[in-house]
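A.B. asks: I have a structure I would like to understand better, so I am pasting it below and will then ask my questions one at a time.
The values are calculated or read from the model by the stated rules, or taken from the named source; none is laboratory data. Nothing here was measured: the structure is a model prediction, and the numbers come from that model. Using ideal geometry, Cβ is built from the backbone for each residue, glycine included, and neighbour counts are taken over all protein chains shown. The protein model used for the area step is the full one, side chains on, heavy atoms only, and it has no ligands, DNA or RNA in it. Shrake-Rupley method; radii C 1.70, N 1.55, O 1.52, S 1.80 Å.
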Amino acid sequence: TLIPGDGIGPEITSAVVKIVETAGLDIEWEPHLAGAAALEQHGSTLPTELLESIVRNRVALKGPLSTPVGGGFASVNVGLRKALELFANLRPVWNIPGVPSRYLGVDLVIVRENTEDLYSGLEHEVVPGVVESLKIITSDASTRIAEFAFEYARRHGRRRITAVHKANIMKMGDGLFLKCVQDVAANYPDITQDDRIVDAACMHLVMRPEQFDVLLLPNLY
């Protein structure tokens, strides 16, 4: 399934398609619109035909999709993640040999829970001038992403998982996330598990990023 996206999306997607074809892969692309273009043509930012195509093909290449600021339709990316239960956002980060960089020896993986927390955009106006944004943390989603992270670490020879949180302030929500990670960690004695408050984690990332192996985070952080 090919989702060109909008803005710079079609330009990026077109370049990637050329790379794939030049590499000799025989792929039959099934293009579908999403976001503003889909809303204009189909009356929905996430048409049913698009979701059915992804479920059927099981692989989708998606270009960037813009999200209106301060109004308009909800994030299509968030909608895709919820509709298809894409709960794990995996971001490997490493230095490229021979390319000068501020840091050397960086080889870390960021594992982000993708379906809940404050980033889900569950909001409503309580009364005029007062908006409530809901931060939802569940044991099911927290345990699921923790199990994904530990299984990934074991398969790829990673030795340490650092849970990033703000449980010193959000003692119940982030506290639940942290507890679920620690419970899962008990089943993986071959992998070290520790945790950092998100403020400290950010400071350490800009000081010595090479110290990290796998970072496991709730959606917003």
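A.B. asks: Of the conditions (1) on the phi > 0 side of the Ramachandran plot; (2) assigned to a helix (DSSP H, G or I), residue 40 satisfies every one except a single condition; which number is it?
C.D. replies: (1)
A.B. asks: Now for a separate question. If the requirement is being in contact with a helix residue (DSSP H, G or I) (Cβ under 7 Å, 6 or more places away or on another chain), modelled with pLDDT under 95 and either closer than 27 Å to residue 77 by Cβ or not β-branched (Val, Ile, Thr) (or both), which of these qualifies: 193, 211?
C.D. replies: Answer to the selection: 211.
Residue by residue, here is whether (1) open to solvent by 70 Å² or more (accessible area, probe 1.4 Å); (2) assigned to a loop (DSSP other than H, G, I, E, B); (3) among the small types (Gly, Ala, Ser); (4) more than 17 Å from residue 90 (Cα to Cα) holds:
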position: 137; (1), (2), (3), (4): no, yes, no, yes
position: 142; (1), (2), (3), (4): no, no, yes, no
position: 149; (1), (2), (3), (4): no, no, yes, no
position: 152; (1), (2), (3), (4): no, no, no, no
position: 169; (1), (2), (3), (4): yes, yes, no, yes
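A.B. asks: Let me ask you something else. Just checking, does the stretch 119-129 include any residue being part of a helix (DSSP H, G or I), buried (at least 17 other Cβ atoms within 10 Å of the Cβ) and touching a residue at least 60 places away in the same chain (Cβ under 8 Å)?
C.D. replies: Yes, the stretch 119-129 has at least one match.
A.B. asks: If you don't mind, another one. Inside the stretch 74-111, can you point out the residues that are over 17 Å from residue 3 (Cα atoms), of a type in the set (Lys, Arg) and either open to solvent by less than 50 Å² (accessible area, probe 1.4 Å) or assigned to a loop (DSSP other than H, G, I, E, B) (or both)?
C.D. replies: Scanning the stretch 74-111 gives a single hit, 102.
A.B. asks: Let me ask you something else. Taking the condition within 26 Å of residue 145 (Cβ to Cβ) and in contact with a Lys or Arg (Cβ under 8 Å, 6 or more places away or on another chain), does residue 91 pass?
C.D. replies: Judged against the criteria, residue 91 is a match.
A.B. asks: In the stretch 190-221, how many are part of a loop (DSSP other than H, G, I, E, B) and of a type in the set (Ser, Thr, Tyr)?
C.D. replies: Total satisfying the criteria: 1.
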